[in-house]
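The block underneath contains the structure these notes are about, expressed in structure tokens.
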Amino acid sequence: MEAYFIDLLKEYGYIILFFWCIMEGEMALIMAGILSHTGDMNLGLAIFVAGLGGFAGDQIYFYIGRYNKSYITKKLRSQRRKFAIAHILMKRYGSPIIFIQRYLYGLRTILPISIGLTRYDAKKYAIINLFSAWCWAAITIIPAWLLGEHILEILSKAKEYWYVAIPLACVFLGAIIYAFKRFEHNVLAKRKDRKHEF
């Protein structure tokens, strides 16, 4: 199964990379970096395609926000807290938040939708989003390309010592989730403090 998946990536790599990056694809970027390291992908083309995929994904979410307000209001009530945080961040930081939206765990789909809900200029969003997506692709693919041999070695060790690798991965992911939960809490706390000031 693993060999089949690798062969599939080698044969249809750029197509898979594009669609994978539409759906939040850090793992796809790492794979693209490794395949560029082994010579199965072209580094520049991989960054270009991955960036287009990331761009397309966020544009979809932006236009969902722009033209499906009633659907969002009805379906995403459980995400109300995250929408509030996205609104605060957009209000406080403006356009730069578009550039870093991909690095905000838990808000990556919410932020483009929230921006779409506002009157933010669609052309301006698309331009910033495109350059942001190419930077996101390059920032992840290039280190994976440079460190390809080491990553392959780590993956080989992780496969062999899976009983150590799985708990370590869980702890790492847990730490990331906890850090972003604290970030969300702090953003909302600051908002409440400002309200009390008036």
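The values are calculated or read from the model by the stated rules, or taken from the named source; none is laboratory data. A quick note: this is a predicted structure, and the numbers were derived from the prediction, not measured. We place every Cβ from the backbone using ideal geometry, glycine too, and count neighbours over all the protein chains shown. The protein model used for the area step is the full one, side chains on, heavy atoms only, and it has no ligands, DNA or RNA in it. Shrake-Rupley method; radii C 1.70, N 1.55, O 1.52, S 1.80 Å.
Of everything in segment 109-132 that is open to solvent by 30 Å² or more (accessible area, probe 1.4 Å) and part of a helix (DSSP H, G or I), the residue that is farthest from Val49 (Cα to Cα) is Leu117.
Can you find a residue that is open to solvent by 30 Å² or more (accessible area, probe 1.4 Å), more than 24 Å from His37 (Cβ to Cβ) and modelled with pLDDT of 80 or more anywhere in segment 73-82? Scanning segment 73-82, I find no residue that is open to solvent by 30 Å² or more (accessible area, probe 1.4 Å), more than 24 Å from His37 (Cβ to Cβ) and modelled with pLDDT of 80 or more, so the answer is no.
On the basis of being part of a helix (DSSP H, G or I), more than 20 Å from Ala138 (Cβ to Cβ) and open to solvent by less than 50 Å² (accessible area, probe 1.4 Å), does Ile34 make the cut? Criteria not met by Ile34. Within the span defined as segment 13-27, every residue fails to be open to solvent by 50 Å² or more (accessible area, probe 1.4 Å), hydroxyl-bearing (Ser, Thr, Tyr) and modelled with pLDDT under 80.
Taking (1) among the small types (Gly, Ala, Ser); (2) within 15 Å of Glu24 (Cβ to Cβ); (3) open to solvent by 20 Å² or more (accessible area, probe 1.4 Å); (4) in a helix (DSSP H, G or I) in turn, Gly106 satisfies each apart from (4). The single condition from (1) in contact (Cβ under 8 Å) with a residue 60 or more places away in the chain; (2) in contact with a Phe, Trp or Tyr (Cβ under 6 Å, 6 or more places away or on another chain); (3) over 30 Å from Asp40 (Cβ atoms) that Ile85 fails is (2).
Take segment 52-69 and flag every residue that is of a type in the set (A, V, I, L, M) and within 16 Å of Cys21 (Cβ to Cβ). Listed by number, the residues that qualify are Leu52, Ala56, Ile60.
Of the residues Tyr93, Tyr61, the single one that is open to solvent by 30 Å² or more (accessible area, probe 1.4 Å), in contact with a Pro (Cβ under 9 Å, 6 or more places away or on another chain) and either without any contact (Cβ under 8 Å) to a residue 40 or more places away in the chain or of a type outside the set (Gly, Ala, Ser) (or both) is Tyr61. For Ile6, state whether it is in a helix (DSSP H, G or I), open to solvent by less than 80 Å² (accessible area, probe 1.4 Å) and at pLDDT below 85. Yes, satisfied.
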